[in-house]
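Single-structure report; data block below.
The values are calculated or read from the model by the stated rules, or taken from the named source; none is laboratory data. Because the structure is predicted, anything quoted here is derived from the model rather than measured. Using ideal geometry, Cβ is built from the backbone for each residue, glycine included, and neighbour counts are taken over all protein chains shown. Calculation scope for accessible area: heavy atoms of the full protein, side chains included, ligands and nucleic acids excluded. Shrake-Rupley method; radii C 1.70, N 1.55, O 1.52, S 1.80 Å.
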Amino acid sequence: MKRLKLYLLILLATCLYTTSPCKAQQKIKTMIVTGQDGSHWWQGGSEAIKMILENSNLFTVDIHITPDWNEDISQFNPDFDLYDLVVINYGGTTWAKPTQQKFEDFVSQGGGVVVIHSSVVGMDDWKGYNEMIGLGAWNGRNEKDGPYVYWKDGQAVYDYSPGWAGYHGLQHPSTIINRSPGHPITNGLPTEWEHFKDEIYARLRGPARNLEILATTYEDAGDERGGRHEPVLWTVKYGKGNVFVSLLGHAGNDPELRYAMECTGFQVTLLRGAEWAATGQVTQQVPTDFPRKGIITLRKEFKAPSHAFDE
Ligand code: ZN
């Protein structure tokens, strides 16, 4: 018995004074919410996000699947407070009021949120969610929902002119421009980098309060107003909570159509945004395989290559 006590004491001391044996306890506890999306392979996309996060050794991830379309959405009522971070990869039915309230409380009290791609489309009739995502698209959004936001002449433009919200053309590679090199998420990333073939959303609008644009890409939205530098990565402060939105990461209908998520830029900005949303800081080095101007790089295994953190 005495020996066991001594062993436990040594173990405790080891946990307190070294990082490696107990690191699992310090990982960011993450919930992915998914389960409905009319236009995306939410199963495969969510599995990719889980792999990206867990392969970094910074996160532990549970996937929570909502009821399907036409099932009772009120059955989706998880305990958000068990987690540090909620990743939303969901383009479906608006959650029931009690779940909405619990989620608003979770975020306003400091819970972290990451919003992926088509998660800015649904739940348009939930005011609190629109405030969290800052900008949304389609589903009848227009000037009643808030301004368009885009980048021009070195600053964000808030454009209150009337009009529809949400457009995407054919998928294509894009040049991403870092608009906030001082923010922890984008600090140290190149001024410009290439993003692999993806579906780029344009002409978003929404409440856009406490919003900071981190990165944009130039996209034509198919009308007489021409192209704009559209936000693709941004943050929103909601109460004490941090929200990171990535419009990147379209997932098609089979494993060959997850290429946008295979892009190193998508994965690294997701990892940095997720850590920041959960903790307010980013401890990750910029990896050597991060894309650059004119250079696309992929991580098909959804993890950093062994040389990624070589000096
Ligand atoms: Zn898409």
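Taking Asn139, Asn70, Asn253 in turn, the Gaussian network model of the chain (Cα-Cα springs below 10 Å) assigns the largest fluctuation to Asn70.
The charge dipole of the stretch 80-207, taken about its Cα centre with unit charges on the Cβ atoms of Lys, Arg (+1), Asp and Glu (-1) only, comes to about 200 debye. Within 10 Å of each candidate Cβ there may be at most 12 other Cβ atoms; applying that plus a DSSP loop requirement, which GluC sites (Glu not before Pro) in the stretch 147-229 survive? Qualifying residues, ordered by number: Glu224. Amide H contacts under 5 Å for Tyr218: Thr175, Glu230, restricted to partners 5 or more places along the chain or on a different chain, H placed in the peptide plane at 1.01 Å from N. Simple point charges give the picture: +1 on the Cβ of Lys and Arg, -1 on the Cβ of Asp and Glu, and for the chain a dipole about the Cα centre of about 1180 debye. The alpha carbon centroids of the stretch 184-261 and the stretch 93-169 are separated by 13 Å. Only helices enter this figure: runs of n ≥ 4 DSSP H residues, each worth -39500 (n - 2.57), summed and divided by the residues of the chain, yield -7000 deg cm²/dmol at 222 nm to the nearest 500. The magnitude of the dipole of the stretch 182-311, with charges of +1 and -1 set on the Cβ of Lys/Arg and Asp/Glu and taken from the Cα centre, is near 520 debye. What the chain shows is 46 Å² of accessible area per residue, with the surface traced by a 1.4 Å probe over protein heavy atoms. As I understand it, the dipole of the chain uses +1 on the Cβ of Lys and Arg and -1 on the Cβ of Asp and Glu, about the Cα centre. Which of Ile213, Gly239, Asn142 lies farthest toward its positive end? Farthest towards the positive pole: Gly239. Based on alpha carbons, the Rg and Dmax found for the chain are 20.0, 81 Å.
For the stretch 22-71, the alpha-carbon radius of gyration amounts to 1.32 times the rule-of-thumb value 2.2 N^0.38 Å expected for a compact globular protein. Measuring between alpha carbons in the structure, the pairs from Lys127/Lys240; Lys240/Lys303; Lys197/Lys237; Lys197/Lys240 lying more than 25 angstrom apart are Lys240/Lys303; Lys197/Lys237; Lys197/Lys240. Residues whose amide H lies under 5 Å from that of Arg292, counting only those 5 or more places away or on a different chain, are Glu194; hydrogens are built 1.01 Å from N in the peptide plane. The trypsin sites (Lys or Arg not before Pro) of the stretch 207-276 that meet both conditions, a loop assignment by DSSP and at most 14 other Cβ atoms within 10 Å of the site Cβ, are Arg209, Arg225, Lys240. Just going by the charge dipole of the stretch 23-164, with Lys and Arg at +1 and Asp and Glu at -1 on Cβ, which of Trp151, Met132, Val121 is farthest out on the positive end? The one lying farthest along the dipole's positive direction is Trp151.
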